[in-house]
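In what follows, a structure is listed as structure tokens, so that the remarks can point back to it.
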Amino acid sequence: MMTVELLGGLAIFLYGMLQMEEGLTAVAGERMKGILAKLTVNRFMGVGTGALVTAVIQSSSVTTVLVVGFISAGLMSLSQSVGVIMGANIGTTITAQIVAFKITKAALGMIAVGFAMLFIAKSDKTKHYGGMLMGLGMVFFGMHVMSEAMAPLRSFQPFLDLMKTMDNPLVGVLIAAVFTALIQSSSASTGIVIVMAGQGFISLQAGIALAFGANIGTCATALLAVIGKPREAVRAALVHLGFNVFGVLIWLPFIGSIADLVTAISPAYPDLEGTARLAAETPRQIANAHTFFNVANTLIFIWFTTQIARIVEWLVPDRLEEEVIIVRTKFLHQELLSTPSLALDQVRMEVMHMGETVNAMLKGIMPAIIKGDRQALEEIRMMDDTVDILYAGIIDYLGKISKQQLSGEQSRELLQLMEAVSNLENIGDIVETNLVVLGHDRIRDKVAVSETTQQVLNGFQQAITKAVAAAVQAVAQRNQRSAQVVIGMKEEINSIADSAAAHEARRLIAAEPNRIPAYVLEVDLIEKQKRIYYFAKRMAKTVLPAVLHSE
């Protein structure tokens, strides 16, 4: 019976942690991402930002994933990310501080109010707050159930003897590291340690050793997450692992000193004695030790962020040859799927990545056709294979997002992104299946393109390329101004197309050799470019409110 109650309490506790994390991230995750992107101008700001973001979204793993995305996009250097990862460790200690408050009497009330907000409220934001409150209540209720289940163990000598082995710091670190790696949450492990301390089962020094082990064990989540991922992700995970492991090695011999320090600064209950006093004082002392450990480590290592980045880059060097051969998405992290707002932002970043390849195709196609460069045409054709791979990856990721619990706004955003990326893929297909073929036809039929016609075609192509680049920017950044630029280019595109058609008509009646094949080729080129603008315009319309783009 005791085992069932203990496991049931643990399940409620862990589910509450998950529910609280999801609610917090849904409420503030997107805002925290913006803060993370803007406020990492130096190492100290990076630490503060990492701590703030992780304290709010309650997941150092999510913070690390966001950092990897910023590094991949060139928005943050590895040296800057080191400070953020250090700050993320500080941010996770907020959970231990919350858990150390013994407010189990309010737990059921929090669950009831949170449930009501979650299932009665119509506003998505209110529902998220409800989920967060219900999760917090379940954390405290799960702790209460575990505490009640453990109560009989106070008089069970074999268990008390087992707990004494935790006084060996190495044993405590090892056990906590393995347990944390299994449940993949240092916050949950530290919470359980505090529950055990609240029953008087472990001493303060044993609790500190267990908290140290939890810090190492949480690195397993990041290490598993980077298997098969880009080098930036591996480096970030290695920074996380190194920071925690070396931090533990530094402080392990000084556990006694840390215990003395937190005993001096934590609330004391001198009116209690024995196990009762231990149970009253130790939870807050462990929480404070956990915070001290991460803050002190940061103060030690913060001065060496550049050197740490260089060491990690040396350990995990770039593999240029591999990157040329392997085409894959850069920003679509599976860890963010449970947070749709952040996952959709990653999709936008991937659209920009895909758009870079499409824009390169557009910039290269007209010179290749005019010069009759077979090799360049073949390279452009192969670039569409990259576009197809990225398109498939984005659509698959959007499909996974659609299986999550989405708000009405998120569902609309998902459909808009799906339409935008399909239009972008269509542009790539036009270049590959139409323009590349026309280029080969020109070479085969030996069709000459006059200087005047080259200027007309290049001018048209530049306008089309500008429209596609603005459409990609509009989708990737949710930039309505860029979208309006694309829509506003309609008259300019039509004017250029009409001028080009008039030019071709004049060439048709001129006494020039091969004028019929040349006319057919050049008119086809103009029509295909107009088709590309059509899809660019459709991409832009996904960003604008319906009233602004109705025709």
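Applying 1/(1 + (r/R0)^6) with r as the Cβ-Cβ distance of residue 300 and residue 113 and R0 = 30 angstrom yields a FRET efficiency of 0.10. For the range 190-253, a Kirkwood radius taken over Cα pairs fed into Stokes-Einstein (37 °C, viscosity 0.692 mPa s) yields D = 251 µm²/s.
Membrane-span-like helices in the chain: DSSP H runs reaching 27 Å or more (Cα, own axis), mean Kyte hydropathy at least 0.5?
Numbers: long enough: 2-38 (50 Å, 0.72); 78-99 (33 Å, 1.11); 124-150 (39 Å, 0.33); 231-251 (30 Å, 1.09); 274-301 (39 Å, 0.20); 340-371 (47 Å, 0.43); 374-402 (42 Å, 0.11); 408-430 (34 Å, -0.27); 451-477 (38 Å, 0.23); 490-509 (29 Å, -0.44); 515-541 (39 Å, -0.33).
Qualifying helices: 2-38, 78-99, 231-251.
Using the scaling law 2.2 N^0.38 Å as the reference, what is the normalised Cα Rg of the range 132-280?
That works out to 1.16 for the range 132-280.
The packing ranking of peptides 273-279, 520-526, highest mean first, is 520-526, 273-279, where packing means the average number of other beta carbon atoms within 10 angstrom of each residue. With 28 Å as the limit on Cα-Cα distance, the pairs of 400/541; 446/530; 400/490; 122/330; 330/400; 330/403 that go past it are 400/490; 122/330.
Placing +1 on each Lys and Arg Cβ and -1 on each Asp and Glu Cβ, with no other charges, gives the chain a dipole about its Cα centre of roughly 760 debye. Looking at the P(r) of the range 267-403, how many percent of alpha-carbon pairs lie beyond 23 Å? The share of Cα pairs beyond 23 Å in the range 267-403 comes to 66 percent. Express the Stokes-Einstein translational diffusion coefficient of the range 208-290 in µm² s⁻¹, to the nearest whole number, given a Kirkwood radius over alpha-carbon pairs, 37 °C and a viscosity of 0.692 mPa s. Here the translational diffusion coefficient equals 222 µm²/s. Ranked by the mean number of other Cβ atoms within 10 Å of their residues, highest first, the peptides 283-290, 131-138, 378-385 come out as 283-290, 131-138, 378-385. Farthest toward the positive end of the dipole of the chain, out of 383, 496, 112, is the Cα of 112, where the dipole comes from beta carbon charges about the Cα centre. The average projected area of the chain, computed from the convex hull of its Cα atoms over all directions, is 29.5 nm².
From most to least packed by mean Cβ count within 10 Å, the peptides 350-357, 300-307 give 350-357, 300-307.
Each reported figure results from applying straightforward, stated rules to the coordinates on display, with no laboratory input. Everything quoted here is computed from the prediction, not taken from an experiment. Don't worry about glycine lacking a Cβ; one is built from the backbone with ideal geometry, like all the others, and counts go over all protein chains shown.
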